[in-house]
Structure formats: structure tokens, C-alpha cells
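Engineer: Here you go, one structure.
The values are calculated or read from the model by the stated rules, or taken from the named source; none is laboratory data. These numbers were taken from a predicted model, which means no experiment stands behind them. Every residue, glycine as well, gets a Cβ built from its backbone with ideal geometry; the counts of neighbours run over all protein chains shown.
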Amino acid sequence: MILEVEVENLFSFKDKITFDMDSNIVNINGGFNSGKTNLLKILNSVSLILKNNNNYLNTFMYNDKPSSFKITFLKNNTKYIYGFTINKKQVSKEYLYYYDFEEENIIFERVNKSYTFNDKRLKKLSKLVLDNRLFLSYAKDDLNEVYTFLTSTIGICLDVKSLIEPSFNLYSRDTNNKLKPYVLDFYKKINVNIIDYNVKSIMLGKEVGYTTKFKHNLNNKSYIIDYGDESSSNRLVFAIIPFILKASEEEKALIIDDIDSFLDNRIIEEIINAFDNSKGQLIFSTHTNNNFNIKTITLL
């Protein structure tokens, strides 16, 4: 679970700002150009930098000073802090700590080309690291728990529509119908009369496509509706549900940008309810203050 994020001189954030996310459900609320999407983009960029072992993190748009990022998170009941200061030419600072009975312990520290480790195995890797690359990218096998959290455990959706294709893949592979009871129950809770569905994968030349049909019950009669004829909200809910289940069961963080641009409050409230007492974390941004009874970060 993400506990805190601190950024400075990144994207639209010039001055140092700290975001307290110590809750399994967090709403980042703000109007247009308030920075809420940029916060999510920063998390996404850090993940991509680590996975691709490159350096393209956008600094604050009006200067070329170094940028800083720090994240505090909980993984398997251990608290970690990872952070760095970087520009296009050099990583001037990078560090990873863990806490044992509230005592901070160094896993590694880096200041320019100088390193401090508590594990000699990591020292050999430091000789391979380029000046403008993050050490954690090179140490992903030795520090797999931290690397995996930052690159895989955090699932960031900057556009809900981007979930449609991967959700079809999950549905088509759900041969044991593990998803189906959860999906149908979710629709029932939001008062949508979908009582069944079927997703099949088909070959479209060399590409994989999907056919999807829903069964509705209305006035004790059943009707089959093609996916394309469903309402936009029903299609998007169908795309989101597998990732809600995955996040809540696998202790992942599901992050959704501008959720109220696509879904109404009753659906958002049910998504929130799905994370009550779950192992996962839900972080989402909204344009309007919907007064959800959850932790809210307001950006002006």
C-alpha cells in the first residue's frame, strides 16, 4: 500500500509537496489544471523508468533543475522508503530504506557515484550503473520485492477505456468462471439487470478479437444484447471489474484517473465499497467534490 508520495520540480509541481495516502481508499480531488493527473503520471513514469532502465522523467516545465521523487509504502508488513534526485545527465541521489520496529535501516544510499550498502552483493552491481540510470533497475533481482511493488503492484489507469482490451483477455481466459459471480453480483448491486455474459476470443487475421454478449432479464424475460449495444457505463464497468477483484485479492494498488468523467456516483460508490476491508488499495481522481466518506486529497 502506498503511504506517502513526495515530489519536487516534476511536471506541474515546482515546489516540494507531500501527498498523504495512508488509507486503502484515497480520492484525489481537484479542478482542471490542478495537477491531479500529473501526480498519477509521475507514478506511471517512475514505473516505466525502472522497467525500461531509461531516464525520461519530465522535470518542472519552466526550469531545468534536478527533480526529486520519494515514495513510502508498505509491502508484506514492511515499511519502505525509496527516492531519488535526477536530471537528464545524472542521478545525484538515490536511496532505499526499510523500517524495523520504527527504526530506519539502510538498504542502499547513493550520492553521485558514491554508494553505501548493507549487502555486499549489491556493491558489484553498482559498478555497472550509468550515471543517469537508477540503481534499482540494475538490482531488480536482488531487491525484487521493492522493484515489483513499484513496477507491477501499482496499476495506473490514465484512461478507463484502456482497460477494455486487457479485460477481454482476462474474461476469455476465465474458464473456471471465477470472475463471473463477482461480475454479476457487482451489476446487481448497481441495479443493472445483467444476469449472464459470454466472452469468446476469435482470430481476425493474425490478431485476436473478442465477441461479447450480455443476457438481460426484464419483466421475467431474457434478452441477449451485443457488447456494442450496451450503454457506455455498462461497458466501462465490465472493463473495470476484473481489475477491482485483482487489486483487492492480490494486495495491489488500483489507480484510476478522472473516474467521474466516465462513471456516475452510484457506480463509484460501489467501487469504493468493493475496497472496504480489502487487502488492496484504490486511488482515484475526480473533478468535483462528491463528498465520499473517504480520505480526500484536494488540489487547488
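Engineer: Modelled with pLDDT of 90 or more, at negative phi, assigned to a helix (DSSP H, G or I) and crowded, with 18+ Cβ neighbours inside 10 Å, is that true of residue 46? Spell out how you get there, then give the answer.
Structural biologist: Values: modelled with pLDDT of 90 or more: yes; at negative phi: yes; assigned to a helix (DSSP H, G or I): yes; crowded, with 18+ Cβ neighbours inside 10 Å: yes.
Answer is yes for this residue.
Engineer: Can you tell me how many residues within region 199-210 are closer than 16 Å to residue 227 by Cβ and within 28 Å of the chain's Cα centre (by Cα)? First the steps, then the outcome.
Structural biologist: Just the residues of region 199-210 that are closer than 16 Å to residue 227 by Cβ, to begin with: 199-202, 204, 208-210.
Cutting the leftovers down to within 28 Å of the chain's Cα centre (by Cα) gives us 199-201, 208-210.
Qualifying residue count, region 199-210: 6.
Engineer: If you don't mind, there's one more thing I want to ask. With the condition kept exactly as written, say whether any residue in region 208-216 is more than 20 Å from residue 286 (Cβ to Cβ) and in contact (Cβ under 8 Å) with a residue 40 or more places away in the chain. Working first, answer last.
Structural biologist: Of the residues in region 208-216, the ones more than 20 Å from residue 286 (Cβ to Cβ) are 208-216.
Retained after the next criterion (residues that are in contact (Cβ under 8 Å) with a residue 40 or more places away in the chain): 210, 212.
Checked against the condition, which is being more than 20 Å from residue 286 (Cβ to Cβ) and in contact (Cβ under 8 Å) with a residue 40 or more places away in the chain, region 208-216 yields at least one hit.
Engineer: Take the residues in region 1-48 that are of a type in the set (Gly, Ala, Ser) and over 20 Å from residue 261 (Cβ atoms), then tell me which one is nearest to the chain's Cα centre (by Cα). Show your work before the answer.
Structural biologist: Just the residues of region 1-48 that are of a type in the set (Gly, Ala, Ser), to begin with: 12, 23, 30-31, 34-35, 45, 47.
Filter again for over 20 Å from residue 261 (Cβ atoms), leaving 23, 45, 47.
On the way: 23: 15, 45: 11, 47: 10 Å.
My answer is 47.
Engineer: Please determine, by comparing only the residues of region 127-153 that are among the hydrophobic types (A, V, I, L, M, F, W, C) and over 21 Å from the mean Cα position of the chain (by Cα), which one is surrounded by the fewest Cβ atoms within 10 Å (Cβ to Cβ).
Structural biologist: The qualifying residue surrounded by the fewest Cβ atoms within 10 Å (Cβ to Cβ) is 128.
Engineer: Out of all the residues in region 55-68, is one or more at pLDDT 90 or above, among the aliphatic types (A, V, I, L, M) and more than 22 Å from residue 296 (Cα to Cα)?
Structural biologist: no
Engineer: What residue, among those in region 193-213 that are basic (Lys, Arg) and modelled with pLDDT of 90 or more, is surrounded by the most Cβ atoms within 10 Å (Cβ to Cβ)?
Structural biologist: Step one: list which residues in region 193-213 are basic (Lys, Arg), which gives 200, 206, 213.
Right, trim to modelled with pLDDT of 90 or more and you get 200, 213.
Values: 200: 12, 213: 15.
It comes out as 213.
Engineer: Moving on. For region 110-122, check the following and say yes or no: at least one residue is part of a helix (DSSP H, G or I), modelled with pLDDT of 90 or more and over 26 Å from residue 262 (Cα atoms). Give the steps one after another, and end with the answer.
Structural biologist: Within region 110-122, the first condition is being part of a helix (DSSP H, G or I), and the residues that meet it are 120-122.
Imposing the further condition that a residue be modelled with pLDDT of 90 or more reduces the set to 122.
This time we only want the ones that are over 26 Å from residue 262 (Cα atoms), so: 122.
Yes, region 110-122 has at least one match.
Engineer: For region 146-182, which residues satisfy the criterion of being modelled with pLDDT of 95 or more and acidic (Asp, Glu)?
Structural biologist: If the condition is that a residue be modelled with pLDDT of 95 or more and acidic (Asp, Glu), then no residue fits.
Engineer: Another one. Check whether at least one residue in region 182-192 is basic (Lys, Arg) and surrounded by fewer than 11 Cβ atoms within 10 Å (Cβ to Cβ), and report yes or no.
Structural biologist: no
Engineer: A further question on this structure: Go through region 85-103 and give me each residue that's in a strand (DSSP E or B) and within 14 Å of residue 54 (Cα to Cα).
Structural biologist: Scanning region 85-103 gives 86, 91.
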